Amino acid sequence: MRDEEIIQLLQARDQRAIKELASSYGRQMENIAYGITNDRRDAAECVNDAYLAVWNSIPPAKPDNLSAYVYETVRNISHQRFRYNTAQKRSAPTVSLDDELSQIVTGEQTDTDGLADAINGFLSRLDSRSRMLFVRRYYYEDTVKHLSELTGLSENALTVKLFRIRKKLAEHLKKEGFSL
């Protein structure tokens, strides 16, 4: 079913919309949630919470890109769950772009829109495979092992490729005026 049709079902408060969301986006939502929480039960709960959040937010929201809206929702909920689960432990085995950027960009940066624009500019200059690897690794938080299976690259080769992409990002951010 097309995104517009799913949005219409959500706006009409038709419960079939949830089934259609699950059919269209459920698998990737589970992958995103599991990549962040590293727990199947927590991931399933995050996905269910994301369905509820989408149900409650449409209407009034009418997203232009339903998949991005749904994936962002499950990503945020999964991060909240992860922070909740690790609040006392203070162990954070997740790999996020924020953590790796903190190794690249230092100092106090208050211009987060400028940083986002700089990263988007950098991504637009990458070849499609490198861009896919970057987004899957640092936005969807796929594991190196999963990316290795997807691409056919060895985990070592993939790690080196991601390192080189981050190095190019650091150079790009420096040219854009971010302190390194």
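Which one is nearest to the chain's Cα centre (by Cα) among residues in the range 1-38 that are of a type in the set (Lys, Arg) and assigned to a helix (DSSP H, G or I)?
Arg27
Yes/no per residue for (1) touching a residue at least 12 places away in the same chain (Cβ under 8 Å); (2) touching a Lys or Arg at 6+ places or on another chain (Cβ under 6 Å):
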{"position": "Met1", "(1), (2)": "yes, no"}
{"position": "Glu4", "(1), (2)": "no, no"}
{"position": "Leu9", "(1), (2)": "no, yes"}
{"position": "Asp14", "(1), (2)": "no, no"}
{"position": "Glu20", "(1), (2)": "yes, no"}
{"position": "Arg27", "(1), (2)": "no, no"}
{"position": "Thr37", "(1), (2)": "yes, yes"}
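Give me the pairs, please: first residue somewhere in the range 163-175 and more than 15 Å from Leu115 (Cα to Cα), second residue anywhere and surrounded by 13 or more Cβ atoms within 10 Å (Cβ to Cβ), beta-carbon distance under 6 Å, and either six or more positions apart or on two chains.
Ile165/Ser130; Ile165/Phe134
Any residue that is among the basic types (Lys, Arg), in a helix (DSSP H, G or I) and not assigned by TED's automatic domain parsing to the domain that holds Arg137 - is there at least one of those in the range 39-56?
Our first condition is that a residue be among the basic types (Lys, Arg); within the range 39-56, this holds for 40-41.
From what's left, in a helix (DSSP H, G or I): 40-41.
Pick out the ones that are also not assigned by TED's automatic domain parsing to the domain that holds Arg137 and you get 40-41.
Yes - at least one qualifying residue is present in the range 39-56.
Those residues that are surrounded by 10 or more Cβ atoms within 10 Å (Cβ to Cβ) and either modelled with pLDDT of 55 or more or not assigned by TED's automatic domain parsing to the domain that holds Lys167 (or both), I need them from the range 102-119; list them, please. Give the derivation first.
Let us first name the residues in the range 102-119 that are surrounded by 10 or more Cβ atoms within 10 Å (Cβ to Cβ), namely 102-106, 109, 111, 114-119.
Within the range 102-119, Ser102, Gln103, Ile104, Val105, Asp111, Gly114, Leu115, Ala116, Asp117, Ala118, Ile119 qualify.
Within the range 121-178, take every residue that is under 28 Å from Glu30 (Cα atoms) and among the acidic types (Asp, Glu) and give me the one that is surrounded by the fewest Cβ atoms within 10 Å (Cβ to Cβ).
This residue is Asp127.
Of the numbered conditions (1) within 15 Å of Ile6 (Cα to Cα); (2) in a helix (DSSP H, G or I), Lys62 fails exactly one; give the number of that condition.
Failed condition: (2).
Which pairs turn up if I take residues in the range 133-147 that are within 16 Å of Arg75 (Cα to Cα) and look for partners that are outside any loop (DSSP other than H, G, I, E, B) and basic (Lys, Arg) with beta carbon separation below 7 Å, at least 6 apart in sequence or on another chain?
Filtered contacts from the range 133-147: Asp142/Arg136.
The values are calculated or read from the model by the stated rules, or taken from the named source; none is laboratory data. Here the structure is a predicted model, which is why all the values come from computation and not from measurement. Cβ coordinates were reconstructed from backbone atoms using ideal geometry, including for glycine residues, and neighbour counts include every protein chain displayed.
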